[in-house]
1. Name the single residue that is farthest from residue 123 (Cα to Cα) among those in the range 137-167 being aliphatic (A, V, I, L, M) and open to solvent by 30 Å² or more (accessible area, probe 1.4 Å).
2. Any chance you could count how many residues in the range 1-38 are exposed (fewer than 13 other Cβ atoms within 10 Å of the Cβ) and not in a strand (DSSP E or B)?
3. With respect to residue 348, is the statement that it is in a helix (DSSP H, G or I) and either open to solvent by less than 80 Å² (accessible area, probe 1.4 Å) or over 30 Å from residue 224 (Cα atoms) (or both) true?
4. Within the range 208-267, take every residue that is within 30 Å of residue 455 (Cβ to Cβ) and of a type in the set (Lys, Arg) and give me the one that is modelled with the lowest pLDDT.
5. Name every residue in the range 13-46 that is modelled with pLDDT under 85 and farther than 29 Å from residue 533 by Cα, in order of residue number.
6. If you take the residues of the range 193-220 that are assigned to a loop (DSSP other than H, G, I, E, B) and in contact (Cβ under 8 Å) with a residue 40 or more places away in the chain, which of them is farthest from the chain's Cα centre (by Cα)?
7. So which residues in the range 436-452 are among the aliphatic types (A, V, I, L, M), over 14 Å from residue 322 (Cα atoms) and open to solvent by less than 50 Å² (accessible area, probe 1.4 Å)?
8. For residues that are out of contact with any helix residue (DSSP H, G or I) (no Cβ under 9 Å at 6 or more places or on another chain) and open to solvent by less than 10 Å² (accessible area, probe 1.4 Å), scanning just the range 238-277, find the one that is nearest to residue 305 (Cα to Cα).
Amino acid sequence: MNLHISKSKNSESFYIAKSYVKENGSTSSMIIRKLGTLNQLLPEHGPTRDDVIAWAKNEVALETEKYKREKEAQTVLIPFRADRQITYDKQVFYRGGYLFLQSLYYQLQMDKICRKLKRKYKFKFDINAILSDLIYARILEPSSKRSSFKTASEFLESPSYELHDIYRALDILGNECDMIQSDIYKNSHFLGSRNDKILYYDCTNYYFEIEQEDGSKKYGKSKEHRPNPILQMGLFMDGDGIPLAFSLFPGNANEQTSLKPLEKKVLQDFGCQKFIYCSDAGLASEDIRCYNHMGERAYIVTQSIKKLKKDDKQWALDPHGFKRVSDDHPVDISKLSADDKGLYYKDMPYTTSKLHQRLIVTYSPKYALYQRSLREKQVERAQKMLCNGSTKKNRKNPNDPARFIGKTAVTKDGEAAQIKHYLDEDKIMEESMYDGLYAVCTDLLDDDVSGILKVSEQRWQIEECFRIMKTDFTARPVYLQDENRIKAHFLICFLALMMYRFLEKKLGYKYTCKEILDTLKGMNFAKVQEQGFIPLYKRDSITDDLHEYNTKLCEHNKNR
């Protein structure tokens, strides 16, 4: 409600008016109540014009309160006619879940990055609308770019661009992928401080539905054991599980060669100089350790016990010398009960030709029990394979039960050798020696063991990032061919993952990935004539938290 004053040659009239939106989207107003002319109101509410205006504004406030109370109490009646057909080509279903991502998008100032791109490339299409819609669609309804355009047409705000503009935008986004990543990192501090003193790194790969190599799409060792050409991705993640930077490299390249180029970008473009590098053993060669031993950097990496030198392996497997992590109480792990829930460790200096390091070996009875039960099931399967005569090994699967099947050649006098398969008890015994054991290597020689182990334990989050991108955001298979557009595709997946992780953090990590995504996907609306948009979703604790967070973020953006 607002005060409307109409002036004519001989009088001045006061009205209470209400604004509303017409069917075509334009705004208008309607008179709710006439308060009177200035001459009529002065005797009772004067003596001056300012007094009359003050009284009129108070009447507007009272009328507004009355309107709100009536609106809350009123019953909405929607007439339906059985003999009337649905209006042809009229949209009534709208997606609204993206609104809770929109505030994050603008808090990260992606619109400013898009304006920078527009000034540089002088294009006419709205790249900000394209980028934002592609990110929202990747989270809400992941699919091809053509299908994403269709999904965006169901948003409350329809696209202001055409399908062909999307592919032109991909070319630009691919060209400026590195710049966008560094700017997004700097802008992410508007959402709070980043835990960038610990950086996790890992690699994965994505397959393409093609049969021949093309560009960076090469035949390599697929994580999903598929025969298609692949493209590899290296990803840095901060200590809170939020992506920091990524790079793409050919499918036939060694993963270890991908680290240094991306880490140099993080050092130079992101300004991260002091951090602890954390990775698994596959990305922890001695050269990588030396590289992260320079400057103000350090490292905590997993170490394969099986690949240790003979004396070091013998020390690691010795059950004596362990201490409880919680209080450093000495224990003999061979005397622990199977249901013990504690965590135990021992450490020693570990010096190579280039580095003075610290080797920490841990033992968990709970983890040992898990590995033992898993192996027992695999041994049972190996026994069945022997009985059935199916002893072929799957070299791609390190957990293949056939690894427990040995073979010998038995030669009879005057006859050709015969192959005999048997259950390899020595192999089973050898694997059981490592049950419950886990090792990490670090150059933090004086730091507390519990703190080092806590950092290493969080590596699961980067695997979770890859799982979300591949499964929930359907980052693969990739149907694009141009290298730049492929890079833009993964940039969109990366930005979608970052926004989701920030949302997860702002919600206090109270909900699972499935709960959050299902809620956002289900927050849809129906447009009813003369009634506006009606929610089609069920209200629960997640929707309440989303609304509360979104309100706070919008207020913060207004006050900036």
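1. Start the filter on the range 137-167 by keeping residues that are aliphatic (A, V, I, L, M), which leaves 137, 139-140, 152, 156, 163, 166.
Retained after the next criterion (residues that are open to solvent by 30 Å² or more (accessible area, probe 1.4 Å)): 156, 163.
On the way: 156: 26, 163: 15 Å.
Ranking the qualifying residues of the range 137-167, first place goes to 156.
2. Here the count works out to 9.
3. Details: in a helix (DSSP H, G or I): no; either open to solvent by less than 80 Å² (accessible area, probe 1.4 Å) or over 30 Å from residue 224 (Cα atoms) (or both): yes.
Answer is no for this residue.
4. The qualifying residue modelled with the lowest pLDDT is 223.
5. Residue satisfying the conditions is 46 alone.
6. Start the filter on the range 193-220 by keeping residues that are assigned to a loop (DSSP other than H, G, I, E, B), which leaves 193-197, 209-213, 215-216, 219-220.
Okay, now just the ones that are also in contact (Cβ under 8 Å) with a residue 40 or more places away in the chain, so 194-197, 209, 215-216.
Values: 194: 15, 195: 16, 196: 16, 197: 19, 209: 24, 215: 28, 216: 25 Å.
Taking the candidates together, the pick is 215.
7. So the first thing to find is which residues in the range 436-452 are among the aliphatic types (A, V, I, L, M), and the list is 437, 439-440, 444-445, 449, 452.
Of the ones still in play, those that are also over 14 Å from residue 322 (Cα atoms) are 440, 444-445, 452.
The answer is 440, 444, 452.
8. 238
The values are calculated or read from the model by the stated rules, or taken from the named source; none is laboratory data. The structure displayed is predicted, hence computed values, not measured ones. In this analysis, Cβ positions are derived from the backbone assuming ideal geometry, glycine residues included, and neighbour counts consider all displayed protein chains. In case anyone asks, the SASA skips ligands and DNA or RNA and just uses the protein heavy atoms, side chains included. Shrake-Rupley method; radii C 1.70, N 1.55, O 1.52, S 1.80 Å.
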